[in-house]
Amino acid sequence: MTTIHPDTTDSPSDRGSSAPTRSTGTPATRWIGIAAAIAMGWLVLFALVLSPADVNQGESVRLLYIHVPTIWIAYLSFIVTAIASAMYLFTKKHSLGWDRLAGASAEFGVAFVALTLIVGSMWGRLTWGVFWQWDARLTTTALLFVTYIGYLAVRRLGGSHQQRAKRSAVVGLLSVLLLPLVHWSVVIWRSLHQTASVLDTDGEIKMDGLMLFTLFVGVVAFSLLYLWLVLHRTRAMAMEDMLDDRGLDIALAERRAEGARR
(Lines give C-alpha, C1' and ligand atoms only; values in the text may rest on other atoms or scores of the structure.)
Protein backbone atom coordinates (compact mmCIF):
# COMPACT_ATOMS: atom_id res chain seq x y z
CA MET A 1 0.00 0.00 0.00
CA THR A 2 1.40 3.39 -1.00
CA THR A 3 1.23 6.34 1.38
CA ILE A 4 2.32 9.82 0.26
CA HIS A 5 2.82 13.03 2.21
CA PRO A 6 1.38 15.66 -0.14
CA ASP A 7 3.68 18.44 1.03
CA THR A 8 7.36 17.50 1.17
CA THR A 9 8.63 21.08 1.22
CA ASP A 10 7.68 21.86 4.81
CA SER A 11 10.27 21.73 7.56
CA PRO A 12 10.27 18.74 9.94
CA SER A 13 8.71 20.88 12.66
CA ASP A 14 5.79 21.67 10.32
CA ARG A 15 5.14 18.03 9.54
CA GLY A 16 4.28 16.59 12.90
CA SER A 17 2.57 13.33 13.59
CA SER A 18 -0.71 14.92 12.56
CA ALA A 19 0.46 15.63 8.98
CA PRO A 20 -2.19 14.56 6.44
CA THR A 21 -1.39 11.58 4.23
CA ARG A 22 -2.95 10.07 1.19
CA SER A 23 -3.22 6.28 1.04
CA THR A 24 -4.11 3.92 -1.80
CA GLY A 25 -5.91 1.65 0.65
CA THR A 26 -9.62 1.66 1.45
CA PRO A 27 -11.84 -0.72 3.43
CA ALA A 28 -12.89 -2.27 0.11
CA THR A 29 -9.32 -2.92 -1.05
CA ARG A 30 -8.45 -4.38 2.34
CA TRP A 31 -11.30 -6.87 2.05
CA ILE A 32 -10.29 -7.70 -1.51
CA GLY A 33 -6.72 -8.23 -0.33
CA ILE A 34 -7.89 -10.57 2.43
CA ALA A 35 -10.06 -12.50 -0.04
CA ALA A 36 -7.11 -12.77 -2.46
CA ALA A 37 -4.84 -14.12 0.29
CA ILE A 38 -7.44 -16.71 1.34
CA ALA A 39 -8.02 -17.76 -2.26
CA MET A 40 -4.28 -18.12 -2.85
CA GLY A 41 -3.97 -20.32 0.23
CA TRP A 42 -6.90 -22.39 -1.00
CA LEU A 43 -5.22 -22.70 -4.40
CA VAL A 44 -1.97 -23.96 -2.85
CA LEU A 45 -3.91 -26.59 -0.87
CA PHE A 46 -5.84 -27.86 -3.89
CA ALA A 47 -2.98 -27.60 -6.40
CA LEU A 48 -0.31 -29.30 -4.30
CA VAL A 49 -2.31 -31.66 -2.10
CA LEU A 50 -5.89 -32.42 -3.10
CA SER A 51 -5.77 -32.38 -6.90
CA PRO A 52 -4.64 -35.70 -8.47
CA ALA A 53 -1.63 -36.17 -10.73
CA ASP A 54 -2.29 -36.42 -14.46
CA VAL A 55 -2.29 -39.84 -16.14
CA ASN A 56 0.18 -38.72 -18.83
CA GLN A 57 2.05 -35.76 -17.33
CA GLY A 58 2.24 -36.93 -13.74
CA GLU A 59 3.01 -34.33 -11.06
CA SER A 60 4.13 -31.71 -13.60
CA VAL A 61 0.47 -31.01 -14.37
CA ARG A 62 0.35 -28.98 -11.15
CA LEU A 63 2.02 -26.14 -13.06
CA LEU A 64 -1.27 -25.90 -14.95
CA TYR A 65 -2.87 -24.16 -11.98
CA ILE A 66 -0.51 -21.20 -12.35
CA HIS A 67 0.14 -21.30 -16.09
CA VAL A 68 -3.47 -21.13 -17.26
CA PRO A 69 -4.87 -18.56 -14.77
CA THR A 70 -1.95 -16.18 -15.35
CA ILE A 71 -2.44 -16.06 -19.12
CA TRP A 72 -6.21 -15.70 -18.70
CA ILE A 73 -5.69 -12.77 -16.33
CA ALA A 74 -3.12 -11.31 -18.75
CA TYR A 75 -5.78 -11.44 -21.48
CA LEU A 76 -8.22 -9.73 -19.10
CA SER A 77 -5.61 -7.08 -18.23
CA PHE A 78 -5.02 -6.14 -21.85
CA ILE A 79 -8.74 -6.12 -22.64
CA VAL A 80 -9.28 -3.75 -19.70
CA THR A 81 -6.42 -1.60 -21.05
CA ALA A 82 -8.12 -1.46 -24.45
CA ILE A 83 -11.55 -0.65 -23.01
CA ALA A 84 -10.13 2.06 -20.74
CA SER A 85 -8.15 3.48 -23.68
CA ALA A 86 -11.32 3.63 -25.76
CA MET A 87 -13.20 5.32 -22.92
CA TYR A 88 -10.49 7.97 -22.72
CA LEU A 89 -10.40 8.60 -26.48
CA PHE A 90 -14.08 8.47 -27.32
CA THR A 91 -15.78 10.11 -24.34
CA LYS A 92 -16.19 13.87 -24.10
CA LYS A 93 -14.45 14.37 -20.76
CA HIS A 94 -11.21 12.54 -21.71
CA SER A 95 -10.83 11.63 -18.05
CA LEU A 96 -7.29 10.76 -16.95
CA GLY A 97 -8.82 8.18 -14.64
CA TRP A 98 -9.36 5.94 -17.67
CA ASP A 99 -5.76 6.46 -18.74
CA ARG A 100 -4.46 5.48 -15.31
CA LEU A 101 -6.64 2.37 -15.28
CA ALA A 102 -5.29 1.44 -18.72
CA GLY A 103 -1.70 1.91 -17.61
CA ALA A 104 -2.09 0.08 -14.30
CA SER A 105 -3.83 -2.86 -15.97
CA ALA A 106 -1.14 -3.11 -18.65
CA GLU A 107 1.63 -3.12 -16.04
CA PHE A 108 0.20 -6.16 -14.32
CA GLY A 109 -0.72 -7.76 -17.63
CA VAL A 110 2.97 -7.67 -18.55
CA ALA A 111 3.84 -9.20 -15.16
CA PHE A 112 1.31 -12.00 -15.65
CA VAL A 113 2.56 -12.75 -19.18
CA ALA A 114 6.12 -12.91 -17.84
CA LEU A 115 4.98 -15.39 -15.19
CA THR A 116 3.15 -17.39 -17.86
CA LEU A 117 6.32 -17.62 -19.98
CA ILE A 118 8.47 -18.63 -17.00
CA VAL A 119 6.09 -21.33 -15.78
CA GLY A 120 5.47 -22.44 -19.37
CA SER A 121 9.19 -22.90 -19.98
CA MET A 122 9.44 -25.03 -16.82
CA TRP A 123 6.50 -27.12 -17.97
CA GLY A 124 8.02 -27.38 -21.45
CA ARG A 125 11.26 -28.70 -19.97
CA LEU A 126 9.34 -31.44 -18.17
CA THR A 127 7.06 -32.24 -21.13
CA TRP A 128 9.15 -31.59 -24.26
CA GLY A 129 12.64 -31.87 -22.77
CA VAL A 130 13.56 -28.24 -23.59
CA PHE A 131 12.81 -24.89 -21.97
CA TRP A 132 11.90 -23.17 -25.25
CA GLN A 133 10.65 -24.02 -28.72
CA TRP A 134 9.88 -21.54 -31.45
CA ASP A 135 6.36 -22.86 -31.37
CA ALA A 136 3.46 -20.72 -32.61
CA ARG A 137 1.84 -20.28 -29.18
CA LEU A 138 5.13 -19.53 -27.42
CA THR A 139 6.32 -17.14 -30.12
CA THR A 140 3.07 -15.16 -30.28
CA THR A 141 2.93 -14.97 -26.47
CA ALA A 142 6.50 -13.63 -26.41
CA LEU A 143 5.47 -11.10 -29.08
CA LEU A 144 2.53 -10.06 -26.90
CA PHE A 145 4.92 -9.56 -23.97
CA VAL A 146 7.29 -7.39 -26.03
CA THR A 147 4.40 -5.38 -27.49
CA TYR A 148 3.07 -4.37 -24.09
CA ILE A 149 6.54 -3.55 -22.83
CA GLY A 150 6.55 -1.14 -25.79
CA TYR A 151 3.19 0.21 -24.63
CA LEU A 152 4.63 0.88 -21.17
CA ALA A 153 7.66 2.56 -22.77
CA VAL A 154 5.32 4.86 -24.72
CA ARG A 155 3.70 5.87 -21.44
CA ARG A 156 7.12 7.00 -20.17
CA LEU A 157 7.74 9.44 -23.01
CA GLY A 158 7.76 13.15 -22.21
CA GLY A 159 4.83 15.51 -22.45
CA SER A 160 1.73 16.44 -20.50
CA HIS A 161 -0.61 13.95 -18.86
CA GLN A 162 -3.12 14.43 -21.67
CA GLN A 163 -0.47 13.84 -24.34
CA ARG A 164 0.62 10.67 -22.53
CA ALA A 165 -2.97 9.48 -22.32
CA LYS A 166 -3.75 10.11 -25.99
CA ARG A 167 -0.73 8.35 -27.49
CA SER A 168 -0.99 5.48 -24.98
CA ALA A 169 -4.67 4.98 -25.78
CA VAL A 170 -3.92 4.60 -29.49
CA VAL A 171 -1.17 2.05 -28.82
CA GLY A 172 -3.38 0.22 -26.32
CA LEU A 173 -6.18 -0.17 -28.86
CA LEU A 174 -3.78 -1.45 -31.54
CA SER A 175 -1.91 -3.83 -29.23
CA VAL A 176 -5.04 -5.70 -28.11
CA LEU A 177 -5.48 -6.98 -31.67
CA LEU A 178 -2.72 -9.50 -30.90
CA LEU A 179 -4.90 -11.39 -28.41
CA PRO A 180 -6.95 -13.39 -30.96
CA LEU A 181 -3.72 -14.32 -32.76
CA VAL A 182 -2.19 -15.65 -29.53
CA HIS A 183 -5.33 -17.53 -28.49
CA TRP A 184 -5.98 -19.17 -31.86
CA SER A 185 -2.34 -19.80 -32.78
CA VAL A 186 -2.63 -23.42 -31.62
CA VAL A 187 -5.35 -24.07 -34.19
CA ILE A 188 -4.04 -21.87 -37.01
CA TRP A 189 -0.50 -23.29 -37.09
CA ARG A 190 -1.08 -26.75 -35.52
CA SER A 191 1.16 -25.83 -32.62
CA LEU A 192 3.05 -28.26 -30.39
CA HIS A 193 1.24 -26.57 -27.51
CA GLN A 194 -1.82 -28.51 -26.42
CA THR A 195 -5.24 -27.19 -27.35
CA ALA A 196 -7.54 -25.67 -24.75
CA SER A 197 -8.65 -28.10 -22.06
CA VAL A 198 -11.68 -26.05 -21.01
CA LEU A 199 -12.64 -23.59 -23.77
CA ASP A 200 -12.11 -25.99 -26.67
CA THR A 201 -13.77 -25.29 -30.02
CA ASP A 202 -15.92 -28.42 -29.78
CA GLY A 203 -17.26 -27.40 -26.38
CA GLU A 204 -15.82 -30.46 -24.62
CA ILE A 205 -14.21 -30.19 -21.17
CA LYS A 206 -11.30 -32.62 -21.07
CA MET A 207 -10.42 -32.48 -17.37
CA ASP A 208 -11.04 -34.43 -14.20
CA GLY A 209 -13.64 -32.76 -12.00
CA LEU A 210 -11.29 -31.96 -9.12
CA MET A 211 -8.62 -30.67 -11.52
CA LEU A 212 -11.21 -28.44 -13.18
CA PHE A 213 -12.33 -27.10 -9.78
CA THR A 214 -8.71 -26.40 -8.80
CA LEU A 215 -8.23 -24.51 -12.05
CA PHE A 216 -11.36 -22.49 -11.24
CA VAL A 217 -9.92 -21.68 -7.79
CA GLY A 218 -6.73 -20.52 -9.52
CA VAL A 219 -8.65 -18.18 -11.81
CA VAL A 220 -10.59 -16.71 -8.87
CA ALA A 221 -7.43 -16.26 -6.78
CA PHE A 222 -5.47 -14.53 -9.54
CA SER A 223 -8.50 -12.40 -10.48
CA LEU A 224 -8.77 -11.10 -6.92
CA LEU A 225 -5.03 -10.46 -6.83
CA TYR A 226 -5.24 -8.57 -10.14
CA LEU A 227 -8.16 -6.47 -8.90
CA TRP A 228 -6.37 -5.61 -5.64
CA LEU A 229 -3.15 -4.66 -7.43
CA VAL A 230 -4.87 -2.54 -10.09
CA LEU A 231 -6.92 -0.59 -7.55
CA HIS A 232 -3.81 0.29 -5.55
CA ARG A 233 -1.71 1.07 -8.62
CA THR A 234 -4.38 3.28 -10.20
CA ARG A 235 -4.58 5.40 -7.03
CA ALA A 236 -0.80 5.55 -6.77
CA MET A 237 -0.64 6.81 -10.36
CA ALA A 238 -3.19 9.51 -9.52
CA MET A 239 -0.94 10.63 -6.65
CA GLU A 240 2.11 10.64 -8.95
CA ASP A 241 0.24 12.85 -11.43
CA MET A 242 -0.80 15.16 -8.61
CA LEU A 243 2.81 15.47 -7.42
CA ASP A 244 3.97 16.12 -11.00
CA ASP A 245 1.40 18.89 -11.34
CA ARG A 246 2.47 20.36 -8.02
CA GLY A 247 6.11 20.30 -9.09
CA LEU A 248 5.20 22.03 -12.34
CA ASP A 249 3.24 24.71 -10.47
CA ILE A 250 6.22 25.32 -8.18
CA ALA A 251 8.62 25.53 -11.14
CA LEU A 252 6.34 28.03 -12.93
CA ALA A 253 6.02 30.13 -9.79
CA GLU A 254 9.79 30.20 -9.41
CA ARG A 255 10.21 31.26 -13.03
CA ARG A 256 7.68 34.07 -12.58
CA ALA A 257 9.43 35.22 -9.41
CA GLU A 258 12.78 35.14 -11.20
CA GLY A 259 11.35 37.20 -14.07
CA ALA A 260 9.89 39.73 -11.65
CA ARG A 261 13.28 40.25 -10.00
CA ARG A 262 14.99 41.10 -13.29
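Values for this structure:
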read-out: Simple label model, 7 Å out from Cα along Cβ direction - Ala37 to Glu59, nm; value: 2.9
read-out: Computed Rg/Rh of segment 14-162, alpha carbon atoms with Kirkwood Rh; value: 1.08
read-out: Percent carbon-and-sulfur accessible area, segment 74-188, ignoring ligands, DNA and RNA, probe 1.4 Å; value: 73
read-out: Around Lys166: net Lys/Arg minus Asp/Glu count, Cβ-Cβ under 12 Å; value: +2
read-out: Residue-span extension gain [Leu178 to Glu240] - 0.36 nm each, minus C-alpha spacing; value: 19.3 nm
read-out: Diffusion coefficient, µm² s⁻¹, Stokes-Einstein with Kirkwood Rh over alpha-carbon pairs of segment 68-109 at 25 °C and 0.890 mPa s; value: 240
read-out: Packing-based ranking, highest mean first, of 107-116, 211-220 given that Cβ atoms within 10 Å are counted; value: 107-116, 211-220
read-out: Net charge, Val119 excluded, C-beta distance under 14 Å - Lys, Arg +1, Asp, Glu -1; value: +3
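The values are calculated or read from the model by the stated rules, or taken from the named source; none is laboratory data. The structure displayed is predicted, hence computed values, not measured ones. Note: ideal-geometry Cβ built from the backbone for every residue, glycine included; neighbour counts use all protein chains shown. Heads up: the accessible areas ignore ligands, DNA and RNA and are worked out on the full protein's heavy atoms, side chains in. Shrake-Rupley method; radii C 1.70, N 1.55, O 1.52, S 1.80 Å.
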